């Protein structure tokens, strides 16, 4: 079996989690790191327990013929140009979310990836959590009937106690509450709504606000948003992105169907004999309950990506084109909040 060789761009908290994950992925090895910092290759190799080459210049790493995949783990505003350069160098891609902090850059990235004919994985890894996989499979099987409404909410206070806070507070780095983190929830809404067939967003309307807490005062943008999503078939969804809350991490999931409902790790189902609507049953699964990247389900996602590379086909769930459509809705929602009006997806 071919062994894909991975070069990671950036060496922060997320990159460390990616690097450790790849030790458990069959068919791929991390062989190089590119960082603006001056790093010692032998020291870094000892730290991570694997031989690593070190680059300070991305173009130099992209010229390395022994690198097949470039994994982009830098702050948000660098993603687009770095991905474009890597695609032009015929490297497959893993891109941390968001793919870009403006619509034009996202479109340019898609064009470059399409023209190069490379494959790309976007880190909407929550789709690969056991909780989401179980709920998605239940929807596909029709266990709660036809889904007509869902609300997926992201509560995670990204304050000075969190690794990316120092740069995340800046508008040209974080972008918005949805872009910097809440996009996980919006992406998941689209994932669930499409479980039984195509889910095309027609229109969004979004509102934003901000906490008065001293911890979030440095933010240059509003850190809470609520977005209502209308689908072309008449179904509805809601996404709250609250990155300025003072509480434990909470990924809220509530789905309502014609035969039952799902609430986080609980469900009702009229389609399952013996169950009813008067009492919740519990799914025997761990829930998504941590903002610590070391707890994120990167391993099944990266394994799926490597397996798809071997088949020379797009990966399931978090391929670039799917993630691009989720970003399209994010950018529409942010425009709605900024301009104070509903926004049709046809504008993007």
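The values are calculated or read from the model by the stated rules, or taken from the named source; none is laboratory data. A quick note: this is a predicted structure, and the numbers were derived from the prediction, not measured. Positions of Cβ are generated from backbone atoms using ideal geometry, with glycine treated the same way; all protein chains shown enter the neighbour counts.
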Please find, among 147, 93, 139, the residue that is in contact with a helix residue (DSSP H, G or I) (Cβ under 9 Å, 6 or more places away or on another chain) and more than 30 Å from residue 269 (Cα to Cα).
-> 93
Selection status of residue 268, in contact (Cβ under 8 Å) with a residue 12 or more places away in the chain and under 18 Å from residue 181 (Cα atoms) = no
Residue list for region 151-181, filter: farther than 17 Å from residue 247 by Cβ, touching a helix residue (DSSP H, G or I) at 6+ places or on another chain (Cβ under 7 Å) and surrounded by fewer than 20 Cβ atoms within 10 Å (Cβ to Cβ) = 163, 167, 172, 173
Name, by its number, the condition in (1) in a loop (DSSP other than H, G, I, E, B); (2) closer than 21 Å to residue 307 by Cβ that does not hold for residue 74.
-> (2)
Would you mind finding the one in 294, 290 that is at pLDDT below 95, assigned to a helix (DSSP H, G or I) and under 25 Å from the mean Cα position of the chain (by Cα)?
-> 294
Would you say residue 239 is in contact with a helix residue (DSSP H, G or I) (Cβ under 6 Å, 6 or more places away or on another chain), in contact (Cβ under 8 Å) with a residue 24 or more places away in the chain and in the same structural domain as residue 211 (by TED's automatic domain parsing)?
-> yes
Candidates 39, 44, 19 - the one that is free of Cβ contacts under 8 Å to residues at least 60 places away in the same chain, crowded, with 18+ Cβ neighbours inside 10 Å and over 27 Å from the mean Cα position of the chain (by Cα) = 44
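Quick one: in region 100-129, of everything that is assigned to a loop (DSSP other than H, G, I, E, B) and touching a strand residue (DSSP E or B) at 6+ places or on another chain (Cβ under 6 Å), which residue is surrounded by the most Cβ atoms within 10 Å (Cβ to Cβ)?
Of everything passing the filter in region 100-129, 118 is surrounded by the most Cβ atoms within 10 Å (Cβ to Cβ).
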